[in-house]
1. Could you tally the net charge around A:Ser175, taking each other residue with its Cβ under 15 Å from the Cβ of A:Ser175, Lys/Arg +1 and Asp/Glu -1?
2. Shielding of B:180-193 by partners, i.e. mean partner chain Cβ atoms within 10 Å per residue?
3. Using a 10 Å cut-off around each Cβ, can you sort A:Ile139, B:Ile325, A:Ile149 from fewest to most neighbouring Cβ atoms?
4. To test your reading of the geometry: what angle, between 0 and 90 degrees and rounded to tens, separates the Cα axis of helix A:261-270 from the longest principal axis of chain A?
5. Average partner chain C-beta neighbours within 10 Å, per residue of B:195-203?
6. Between their Cα atoms, which of A:Lys31/A:Lys91; A:Lys6/B:Lys254; A:Lys10/B:Lys235 are more than 30 Å away from each other?
7. Helix A:46-56 against the longest principal axis of chain A: what's the angle in degrees, Cα atoms only, rounded to the nearest 10?
8. Please report, in debye to the nearest 20, how large the charge dipole of the protein assembly as shown is about its Cα centre when each Lys and Arg carries +1 at its beta carbon and each Asp and Glu carries -1 there.
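No lab work stands behind these numbers, since they all come straight from the coordinates. Please read all numbers here as calculations on a predicted model, not as lab measurements. Glycine also receives a Cβ, built like all others from the backbone with ideal geometry; neighbour counts cover every protein chain displayed.
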Amino acid sequence: MKSYAKFLGKRVLYMLLTLFLIASITFFLMKLLPGTPYSNQDKLSEEQIYIMNEQYGLNEPVPVQYLVYIGGLLQGDLGVSFQFSNTPVTKLLSTRIGPSLQLGIQAVALGTILGIVLGVIAAMYQNTWIDTLATFSAILGRSIPNFVIAVLLQLIFGVYLQWFPIALWDGGFSSSVLPTLALAISPLADSARFIRTEMVDVLSSDYVELARAKGLSRWTVAFKHGVRNALIPLVTILGPMAVGLMTGSMVVENIYAIPGIGEQFVKSIMTNDYPTIMGVTILYSAMLVFIILVVDILYGVIDPRIRVSTEGGDK
Amino acid sequence: MHKQENTPVADELKNLSPDMFAPATESSMVDNEKIAAPSLSFIQDSWRRLKKNKAAVVSLFVLIIMIILTVAAPIVAPHDPNVQTVEFASLPPKIPGIGIDGLNGTQKVGENRVDKYAEKNVPEDQYYILGTDSLGRDLLSRILYGTRVSLIIAFVAALFDLTIGVTYGLVSGWCGGRIDNFMQRVLEVLSGVPNLVVVILMLLVLKPGITSIIIALAITGWISMARVVRAQTLKLKNQEYILAARTLGESPLKIAFKHLIPNLSGVIIIQTMFSIPSAIFFEAFLSFIGIGIPAPTASLGTLINDGYKTFRFLPHLMWYPAAVICILMISFNLLADGLRDAFDPKMKD
């Protein structure tokens with residue numbers, strides 16, 4: 001147990017190191033960026049620019065700016081947005097994290113549940129047309145870019161059938177249906193594929209055969225004995241899934257006009273709003289690194305064999 | 001019961017005559033030792049297995065046709081993709097001799113179908129198979145050139161992934177010990193960075209264009225390749241033939257090229273095949289949010305983005321490039337799946 005704590009400590013250390021590295025790299029990259037944050041620069045006199053630079057702390061030498069930034073970061077201060085009426089980035093983002101988080105969680109929940117069902121069915125009917133159909137639809141889901149799916153859903157259910165709003169966010173259920181569906185496709189495809197492979201493995205294992213020999217029905221065995229064991233490795237794809245959702249949210253939020261982080265990020269990129277870009281970058285990285293850490297911990301908790309092997313291993 | 005069955009056989013044995021026998025020839029004895037089936041190389045064997053996968057074979061054909069078409073785009077394309085003919089702007093698709101609505105140059109205006117070509121006085125012998133965009137550029141030519149750009153980006157980015165990833169993985173796996181440990185910690189830190197963020201930051205710093213997209217994709221894409229190659233190298237380096245090569249004093253570089261890479265080729269090809277569609281997706285994604293390929297160069301992403309702006313009125317401008325990117329992605333994914341099953345039968349479920 002002591003070495004497990006050591007293992008965890010190491011992981012947390014790497015997590016912090018990663019975040020520090022990302023924050024530093026982002027900072028220096030932002031300093032290299034062309035353009036200035038002032039949109040009407042031609043009209044400004046040099047004095048005015050000087051005063052504004054002074055106000056934002058841009059007249060200090062870069063190393064000093066860096067220290068100030070990292071110092072602020074440690075206190076949870078991401079600086080002040082250049083574009084959006086001088087709002088602190090933290091405040092700007094905190095109002096937008098709600099919709100993004102809601103959509104993300106809904107999409108992951110919907111996607112993985114449907115994906116598990118699809119994957120289990122495919123594995124149960126392995127090498128029949130049902131399996132082929134399920135596998136092919138998983139490949140379709142993985143192949144069709146999410147912005148194409150989003151527009152397609154918007155056209156069919158928003159414009160033609162008028163079941164759901166075309167592009168509106170009121171926090172209610174009906175306005176979140178289409179974006180959730182559009183975002184859920186890729187987790188669905190990923191988990192279906194993953195569960196199928198795992199289930200095929202599990203279904204041919206000895207304990208499943210024993211359960212069958214005891215006289216349990218195919219489906220009881222599949223759900224009581226099979227799925228539980230197939231689910232464990234699914235935890236590992238949570239990280240890549242989160243990355244996919246971040247990417248997806250940038251287009252999906254734009255298409256459906258959702259005031260979330262992704263939409264803000266795209267807007268900030270377009271307007272050279274460095275502090276906000278840095279803020280979102282750090283937020284995304286922090287989320288990803290945190291998810292990776294949680295996955296590592298969860299994995300050890302769910303499956304003790306893995307913990308033993310990391311303890312006994314050379315790393 | 002035993003006896004009853006044996007009697008006819010016993011009778012037959014009694015009636016054997018010497019002329020029913022022939023002396024064994026020397027050649028027939030040699031044949032017994034021969035392996036009947038032709039020996040197959042790794043590639044031949046994989047190809048044999050791949051051929052059984054119908055979806056993969058169809059995808060391969062689709063991809064070959066698409067690649068030929070896009071390579072030959074300057075010859076095949078009916079118009080210059082960047083020439084604007086403003087008077088013929090926003091024309092719907094027209095294929096001569098086909099009367100189906102949507103492909104005959106007519107468009108719904110209000111309740112009636114109007115022949116847009118007649119309305120705009122387009123000469124009788126001039127037609128645009130997939131219509132024109134809002135600046136009067138031929139969509140088919142733009143799709144051909146756009147697919148070309150997307151494929152170039154994907155292939156070059158995949159090539160970079162391959163070079164960097166394989167080198168990193170080989171060095172890390174081969175050297176082992178402290179070097180391996182350090183290189184793995186670096187990977188661990190890097191994999192915590194969302195690749196999307198890196199790609200976007202790189203594109204902001206570099207000037208938008210084909211080269212910077214390739215660089216941005218190459219910087220982020222090699223990590224999984226490095227991991228896979230390292231894991232395989234660790235397995236291979238303790239094999240007897242590698243030990244033999246080392247004992248005989250072969251240089252590490254030669255061992256890598258002569259022994260390791262050929263044995264790693266399966267995983268390398270699979271990994272590369274999966275990185276191509278992801279590069280195609282990323283390019284389209286970046287262009288869709290507006291930081292990809294700058295105008296007037298077309299890529300599949302910019303075409304979809306342009307089409308999306310007017311897709312209520314000119315839906316063909318969005319759906320045709322979207323269909324092309326979907327076909328491309330599906331084919332690459334199906335082929336990659338097929339190759340994975342073909343190269344590694346153990347991994348097949």
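1. On the way: positive: none; negative: A:Asp170, A:Glu253, A:Glu263.
Residues close to A:Ser175 contribute a combined charge of -3.
2. On the way: counts 0, 2, 0, 0, 1, 3, 0, 0, 6, 9, 3, 5, 16, 12.
Taking all residues of B:180-193 together, the mean is 4.
3. A:Ile139, A:Ile149, B:Ile325
4. So the helix axis and the longest Cα principal axis differ by about 40 degrees.
5. On the way: counts 3, 10, 15, 6, 1, 8, 11, 1, 1.
Average per residue, whole number: 6.
6. A:Lys6/B:Lys254
7. Relative to chain A, helix A:46-56 is tipped by roughly 40 degrees.
8. 1300 debye
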